[in-house]
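One structure is given here, and the rest of the page talks about it.
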Amino acid sequence: MASRLRRRRTRDGRGCDAGLAEGNADGVQPIGLGARDTLRLEMKYALYGNDIDETTNPLEAGLGWVVKPAKGDFVGRAATEALRAAGLRRRLVGFEMVERAVARHGYPILDGGASVGVVTSGSYGPSVDKYIGIGYVPTALAAVGSAIAVEVRGRGQAARVVKTPFHPPRVKR
């Protein structure tokens, strides 16, 4: 079907309408960035600027599989080894909201009413039918099953740390 979509063009040359019309029988529907964002959240794919940035390191973000000091030298190797030796202060974890509430980027993560972390991404996950999010918490709260709360509209809403990805992957790494 992909090759047929590339060949068909509308009068203005864009091909979008023709592609959607032809793909309709196969279930093709237009989607936007919101759909992409919920899908990447369900897989716990980190988005630069939201989940990772210049203040995070690959170990606390769960991206240690990307940096492998045993495989040779690379930029940042010494810093990565120093972080590993010192131990991590925080971890990027996935969590499910216990009740219906949407955790959004920047919302505080609470433990005992005190702010201990921050939500980096959150939404309703349509594929898993749950309100989910990811955020940084102290390593003491990073274990699956840990009870946390997220401040939503000024109130602490119960959540729990869960195993990620939220949606089971169909491919192996």
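The values are calculated or read from the model by the stated rules, or taken from the named source; none is laboratory data. Bear in mind that the values here come from a model prediction, so they are computed numbers and not experimental data. With ideal geometry, Cβ positions are generated from the backbone for all residues, glycine too; neighbour counts draw on all protein chains shown.
Worth pointing out:
- When the range 93-145 is limited to residues that are under 17 Å from Pro165 (Cα atoms) and without any contact (Cβ under 8 Å) to a residue 40 or more places away in the chain, the one that is surrounded by the most Cβ atoms within 10 Å (Cβ to Cβ) turns out to be Val119.
- Near pairs, Cβ below 6 angstrom, 6+ apart or cross-chain, from the range 64-84 (touching a residue at least 24 places away in the same chain (Cβ under 8 Å)) to any residue that is part of a loop (DSSP other than H, G, I, E, B): Leu83/Asn57; Leu83/Leu59
- Qualifying residue in the range 116-139 (condition: of a type outside the set (S, T, N, Q), in a strand (DSSP E or B), more than 21 Å from Asn50 (Cα to Cα) and at pLDDT 95 or above): no
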